[in-house]
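> Here you go, one structure.
Nothing in this text is a laboratory measurement; each read-out follows from the coordinates by a stated rule. No experiment lies behind these values; they were computed from the predicted model shown. Reconstructed Cβ throughout: ideal geometry from the backbone, glycine too, with neighbour counts over all protein chains shown.
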C-alpha cells in the first residue's frame, strides 16, 4: 500500500512490493496472482460474509431486512480499518483498471447476496433487485465513510443510506 501511495499503482512492480515486504517474488506469487490482488485479497471473505449474513437473517425477515443484516455484518468487518480503507480507496480511485476490478468485486458481492436470498425463497428477479440495491447502499455509505470529513461509523452510514432508500421508495 505504501508503495502504491508513494509511487502510484502503475509504477510499482511486484519486485518492489516483495522487497518492501521482505519476501521473494516467488513467495509473493504464492499469495497473490498479481499486484492488483494486494488490494483485493479479502474479496472472497467479504463475499462469504455478505452471503452468509443474508442467508442467516432471522426467519420471517423481509429481503431488505436480510440485506440490511448482510450490510451490518460487513460493516463490522471494517471496524478499526478506516485508515487502511481510505488509503486503499485513494489508490483505486486513481486507476481505471483498479476501478474496474472494484466494480467486478461489487458485482460478485451482489450475486452472492442474490443467491442467498433465492435460497431463502425470494424470487430470482426480486433477489437480484434487492441485492443490487444493497450494494448501492453499501457503496454510498462506504464512499461517505472514507471521506475524511464524515465522522460517522460505517454502520451508522449504512443505516442512514438504507433509511434514505426506504424513504425514497415509500415517498414515490
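> How far apart, in nanometres, would the label points at residue 27 and residue 97 be if each is projected 7 angstrom from Cα along the Cα-to-Cβ direction?
The two pseudo-label positions are separated by 2.5 nm.
> Take each of the peptides 6-16, 70-80, average the number of other beta-carbon atoms within 10 Å over its residues, and list them starting from the highest.
70-80, 6-16
> Would you please give the FRET efficiency between residue 11 and residue 77, computed as 1/(1 + (r/R0)^6) with r the Cβ-Cβ distance and R0 = 45 Å, to the nearest 0.05?
0.90
> Continuing with the same structure: By its C-alpha gyration tensor, with a ≥ b ≥ c as the square roots of the eigenvalues, how is region 15-86 shaped: rounded for a/c under 1.5, else prolate for a/b larger than b/c, else oblate?
Because a/c hits 1.5 or more and a/b exceeds b/c, region 15-86 counts as prolate.
> In addition: Would you calculate the separation in nanometres between label points at residue 126 and residue 56, each defined as 7 Å from the Cα along the Cα-to-beta-carbon direction?
Taking the two extended label points, one gets 2.5 nm.
> Cut-off is 10 Å between beta-carbons; in what order do 149, 31, 115 appear when sorted fewest neighbours first?
Ascending Cβ contact count within 10 Å gives the list 149, 31, 115.
> Relative contact order for the chain: what percent, with Cα pairs under 8 Å and sequence separation of 6 or more?
Relative contact order here is 21 percent.
> Hey, what number do you get for the chain at 222 nm if only DSSP H runs of n ≥ 4 count, each worth -39500 (n - 2.57), divided across all residues, to the nearest 500?
Numbers: 10 runs with 130 residues, N = 172.
So the helix-based figure for the chain works out to -24000 deg cm²/dmol.
> Oh, and also: In nm, to one decimal, how far is the residue 65 label point from the residue 44 one, both placed 7 Å along Cα→Cβ?
Spacing of the two 7 Å Cα→Cβ label points: 3.3 nm.
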